[in-house]
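Chemist: Dropping the structure in here first, questions after.
The values are calculated or read from the model by the stated rules, or taken from the named source; none is laboratory data. The structure presented is a predicted model; accordingly, all values stated were derived computationally and were not measured. Here the Cβ positions follow ideal geometry from the backbone for every residue, glycine too, while neighbour counts run over all protein chains shown. Side chains are part of the model used for accessible areas, which takes the heavy atoms of the whole protein and leaves out ligands, DNA and RNA. Shrake-Rupley method; radii C 1.70, N 1.55, O 1.52, S 1.80 Å.
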Amino acid sequence: MPKVRAEKKTRIHTEVAKQGIVFNKDFGQHILKNPLIVTSMLEKAALRPTDVVLEIGPGTGNMTVKILERVKKVIACEIDPRLVAELQKRVQGTPMQCKLQILIGDVLKADLPFFDCCVANMPYQISSPFVFKLLLHRPFFRCAVLMFQLEFAQRLVAKPGDKLYCRLSVNTQLLARVDMLMKVGKNNFRPPPKVESSVVRIEPRNPPPPINYTEWDGLTRIAFLRKNKTLAAAFKQTTVLTALEQNYKVHCSLKNQDVPEDLNFKEKVEQILEKIDAGVKRARTMDTDDFMSVLHAFNEAGIHFS
């Protein structure tokens, strides 16, 4: 039995060597090799013949060619020039060649183009920044079907009170509806990653909630710094009070309002939390509506988080 396993492993390594590609762990390169999962992801994206699709980290193009068969255009973002060459070679001389546009470089540093859907087996180390780049992108896209590390995907869909509920959960769910589609085992990749994976579907809320996202993000940073502590405790921290008081004074200055001489800022913050019964609440059990009411209460009092 061990001998058969060794032969199989050698055969896989020989195939990879034939392609002349050594996968780069720094870029999180794990190529999805199971065609059934690729097909399932594309079906969940409900692609249309008129769609422009954004793909991140196309690798050797296993998913790319399947998308190209179904849509008007694919814009593939790839950081590794060796894989770009493989992808170009794969479509060269076929009808797909004119439907594929390749953007070479770091997708986090580039402006995203217009697209209808995003489908990708994500490089896991850029998961969080890419999700927010995607959700703050305009004009709106229809949906994204993305492969993530399992625990990251679980955080995206976690509800208030869940063990994995965190700032990522509430920030994402403010801007989008997120659904877990399927779990994907390690052996569906080459080389196999050390973690299990999962596919999620993200659909942006359109229109978006009527709030300043930078403000919202500032509030949730404070609240989730110690997610098991009460908001009253979170807002008592000296660094938090100092930053918010500075923001308050800037706001007063911009509005040509005088800052009260007898201002006790700590007391002012406590009164706001007390007024909306939020002082005893804990971030780990608060939903988007709870955070929305806290943000509005502070903003009405001239206190801002950015």
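Chemist: Quick check: at a probe of 1.4 Å, how many percent of the accessible area of the chain sits on carbon and sulfur atoms? Present the calculation step by step, with values, prior to reporting the outcome.
Modeler: Numbers: 8350 of 16250 Å².
Carbon with sulfur: 51 percent of the solvent-accessible area.
Chemist: If R₀ is 25 angstrom, what is the calculated FRET efficiency for the pair residue 215 and residue 125, using the beta carbon separation as r and rounding to 0.05? Please list the in-between numbers first.
Modeler: Details: r = 28 Å, r/R0 = 1.12.
Once the sixth-power term is evaluated, E becomes 0.35.
Chemist: Cα centroid distance between the stretch 247-296 and the stretch 96-138, in Å?
Modeler: First find each Cα centre; the distance between them is then 37 Å.
Chemist: Among DSSP bridges having both ends in the chain, what percentage is antiparallel? Round to the nearest 5.
Modeler: Numbers: 17 of 34 bridges.
Bridges in the chain that DSSP calls antiparallel: roughly 50 percent.
Chemist: Here's something else I'd like to know. Summing Lys, Arg as +1 and Asp, Glu as -1, what charge do residues with Cβ under 14 Å from the Cβ of residue 137 carry, residue 137 excluded?
Modeler: Working: positive: 133, 138, 142, 205; negative: 111, 116, 203.
Surrounding charge for residue 137 is +1.
Chemist: A further question follows. From the backbone phi of the stretch 289-306, what are the Karplus-calculated ³J(HN,Hα) couplings (6.51 cos²θ - 1.76 cosθ + 1.60, θ = phi - 60°) in whole Hz, Gly and Pro given as x?
Modeler: Couplings: 5, 4, 5, 4, 5, 5, 4, 4, 4, 5, 5, 4, 8, x, 9, 10, 10, 8 Hz.
Chemist: For the Cα atoms of the chain, what angle does the longest principal axis make with the long axis of helix 238-254, in degrees from 0 to 90, nearest 10?
Modeler: Tilt of helix 238-254: around 80 degrees.
Chemist: Also, quick follow-up: Pull up all non-local amide H partners of residue 54: gap of 5 or more, or a different chain, and H-to-H distance under 5 Å with H placed in the peptide plane.
Modeler: 75, 116, 117, 118, 119
Chemist: Continuing with the same structure: If the limit is 25 Å between Cα atoms, which of 73/159; 33/73; 159/229; 89/186 go over it? The partial results should precede the final answer.
Modeler: Working: 73/159 36 Å; 33/73 22 Å; 159/229 18 Å; 89/186 28 Å.
Pairs exceeding 25 Å: 73/159; 89/186.
Chemist: Using 1/(1 + (r/R0)^6) with R0 = 41 angstrom and r between the beta carbons of residue 97 and residue 196, what's the FRET efficiency to the nearest 0.05? Show your work: numbers first, answer last.
Modeler: Working: r = 36 Å, r/R0 = 0.87.
So, using R0 = 41 Å, E works out to roughly 0.70.
Chemist: Non-local amide H neighbours of residue 304 (under 5 Å, H modeled in plane, Pro and chain starts lacking H): which ones?
Modeler: The list, which skips near neighbours in sequence, is 248.
Chemist: How would 230, 238 rank on accessible area, largest to smallest, probe 1.4 Å? It would help to have the intermediate numbers written out before the result.
Modeler: Numbers: 230 30, 238 105 Å².
Largest accessible area first, the residues go 238, 230.
Chemist: Which one of 219, 254, 303 has its Cα pushed farthest toward the positive end of the charge dipole of the chain, where Lys and Arg give +1 and Asp and Glu give -1 at the Cβ?
Modeler: It is 219.
Chemist: Using the alpha carbons of the stretch 224-263, what is the convex hull volume per residue in cubic angstrom, as a whole number? Mind showing how you got there, number by number?
Modeler: On the way: hull volume 3.2 nm³, N = 40.
Dividing the Cα hull volume of the stretch 224-263 by its residues yields 79 Å³.
Chemist: Here is a follow-up. For residue 179 and residue 109, calculate 0.36 nm times their separation in residues minus their Cα-Cα distance, and state this gained length in nm to one decimal.
Modeler: On the way: separation 70, 0.36 × 70 = 25.20 nm, distance 2.72 nm.
The span from residue 179 to residue 109 would gain 22.5 nm if fully extended.
Chemist: Positive end of the dipole of the chain, charges at C-beta (+1 Lys, Arg; -1 Asp, Glu), about the Cα centre: which of 184, 101, 154 has its Cα farthest in that direction?
Modeler: 184
Chemist: If I take the Cα coordinates of the chain and project them onto the principal axes, what are the three extents in Å, biggest first?
Modeler: Taking max minus min along each principal axis of the Cα atoms, the chain gives 77, 47, 29 Å.
Chemist: Averaged per residue, what accessible area in Å² does the stretch 126-217 show with a 1.4 Å probe, protein chains only? Walk me through the intermediate numbers first.
Modeler: Working: 3960 Å² over 92 residues.
Here the residues of the stretch 126-217 average 43 Å² of exposed surface.
Chemist: Could you pull out the longest piece of the chain with no exposed loop trypsin sites (Lys or Arg not before Pro) in it, calling a site exposed if DSSP puts it outside H, G, I, E, B and it has at most 10 other Cβ atoms within 10 Å?
Modeler: On the way: sites that count: 109, 163, 194, 255.
So the longest stretch without any such site is 1-108.
Chemist: A follow-up question, please. Determine the gain in length on full extension of the stretch residue 187-residue 238; use 0.36 nm per residue of separation and subtract their C-alpha separation, reporting nm with one decimal. Please report the intermediate quantities before stating the final value.
Modeler: Numbers: separation 51, 0.36 × 51 = 18.36 nm, distance 4.93 nm.
In short, 13.4 nm is gained.
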